[in-house]
Every structure is written in C-alpha cells, then in structure tokens.
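In what follows, a single structure is set out as structure tokens and then discussed.
Here, each number is a calculation from the coordinates, and none is a lab measurement. This structure is a prediction, so every number in the text was calculated from the model and none was measured. Here the Cβ is made from the backbone with ideal geometry for all residues, glycine too, and neighbour counts use every protein chain on show.
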Amino acid sequence: MDAERANVADTDELVELRVAYLTEDIGVLDGADEAAIRRGLPDYFAAHLGRDLHVYVVREGGRIASCAFLVVIEKPMSPAFMSGRTGIVLNVYTQPDCRRRGYAKQVMEALLDDAVELGLSVVDLQATDDGYPLYRLVGFEDDKTGYPHMKWFNRCRT
C-alpha cells in the first residue's frame, strides 16, 4: 500500500487518530479536554486540510492504518530557511495492530517528498524515543543550533 494524502472525507477517522495519538503520548485525556478536542477538530480539518495542513495516510482494510500531519508555516526569510516556508510534523501514529509493517516510514517519506514540492526549507519534529530511529532513517538530523527548545503556555482557559 502506498501513502496518500487524506481529505475532508477522512475527518472522522483523523479525529479518532488524533485522540488515540494524544492518549498514547500523554495518557488518558481529561473528559472535558477530550470533548473539546473532538468538537474542535472537525472545523480545524475543514479549514486547514489541503491548505496549511497536509495529512499523509496508509490505508489497510478500509481504514487508516497510519498517519502523519505536516503543518506548513510561512515565516520571514532567514539563512536557516531561505524560502520562509517551514514545516512541523505532528501526530505520527500507527494503529497498534498495524505496527511493524513499515507504514510510518511510508507516510514520512511521502510527507518529505511533498515538503520538497511545497518548497519547504526545513521540517521540524519532536521525536519520541520510539520514533527517533525512524526519523533518522528518513533523513532527520539532531538539531545543532544550540538554541534551547522552550514553550510558553497560556494558562487561561477560554
């Protein structure tokens, strides 16, 4: 099976895959958070899929077996990203019963092929220990910029 781009008809499955990924990554979601995520994601996919969000999938048995999200961002140019276009990889996830079949590698290779076509200067991701060997295999390198990775969190709930 070859990787392909998901479309809006895949929204329900993409919501389920996102929730499954988050649950595996951070643990059981708070009921209110999960409900908000399930409510908000369909509108997000409708607004962004195929524009600044590209989702790569491998299908098996009539369902999505594996996926990877690529969020495209345009920034002011710099020597580190001359096109100004960069990408962030999120939600690389394979259904538990479909793992160890090379599907994650297929979606990542399709994603990176499209990154070239989309004119992205760089694609970033945060690797889990399990995913790290795959990302190295498909061409990702450790970040050697020397800048610490930091985040700001809005502590106010809207």
Sorting VAL107, VAL28, PHE81 by the position of each Cα along the dipole of the chain (Lys, Arg +1; Asp, Glu -1; all at Cβ), the one nearest the positive end of that ordering is PHE81
Phi-derived 3J(HN,Hα) across the range 59-76 with the Karplus relation (6.51, -1.76, 1.60, θ = phi - 60°), rounded Hz, x for Gly and Pro, is 9, 9, x, x, 9, 6, 8, 8, 8, 8, 9, 10, 9, 9, 10, 10, 10, x
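What does the extension gain come out to for HIS48 and ALA20, with contour length at 0.36 nm per residue minus their alpha carbon separation? Numbers along the way, then the final one.
On the way: separation 28, 0.36 × 28 = 10.08 nm, distance 2.05 nm.
Length gained, HIS48 through ALA20: 8.0 nm.
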Note: GLU141 to LYS75 extended length (0.36 nm per residue) minus current alpha-carbon separation gives 21.6 nm
Most exposed first, judged by fewest Cβ atoms within 10 angstrom, TYR44, TYR147, TYR93 run TYR147, TYR44, TYR93
In the chain, whole DSSP H helices that both stretch 15 Å or further along their axis by alpha carbon positions and average at least 0.0 on the Kyte-Doolittle scale are 11-26, 103-117
Most exposed first, judged by fewest Cβ atoms within 10 angstrom, VAL107, VAL122, VAL89 run VAL122, VAL89, VAL107
Here the relative contact order (percent) of the chain, from C-alpha pairs under 8 Å and at least 6 apart, is 21 percent
The set of residues whose placed amide H lies less than 5 Å from the amide H of GLU60, leaving out same-chain residues fewer than 5 positions away, is ALA65
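Could you tally the net charge around SER83, taking each other residue with its Cβ under 15 Å from the Cβ of SER83, Lys/Arg +1 and Asp/Glu -1?
Residues near SER83 contribute -3 overall.
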Plugging the Cβ-Cβ distance of ALA35 and MET150 into 1/(1 + (r/R0)^6) at R0 = 35 Å yields, to the nearest 0.05, a FRET efficiency of 0.75
The size of the Cβ-based charge dipole (Lys, Arg +1; Asp, Glu -1) of the chain about the Cα centre, to the nearest 20 debye, is 280 debye
Around THR128 (Cβ within 11 Å, Cβ-to-Cβ, excluding THR128; K/R +1, D/E -1) the net charge comes to -4
GNM on the chain, Cα springs under 10 Å; top mean-square fluctuation among ALA46, ALA68, ALA36 goes to ALA36
Its Cα gyration tensor gives the chain an equivalent ellipsoid whose semi-axes in whole Å, largest first, are 24, 21, 17
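Quick check on the range 8-107: of the DSSP beta bridges with both residues there, what percent are antiparallel, nearest 5%? Each step should come with its number before you reach the end.
Numbers: 17 of 18 bridges.
Around 95 percent of the beta bridges assigned by DSSP in the range 8-107 are antiparallel ones.
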Output for the range 39-79: trypsin sites (Lys or Arg not before Pro) sitting in coil per DSSP, at most 12 other Cβ within 10 Å, listed by number, reads ARG51
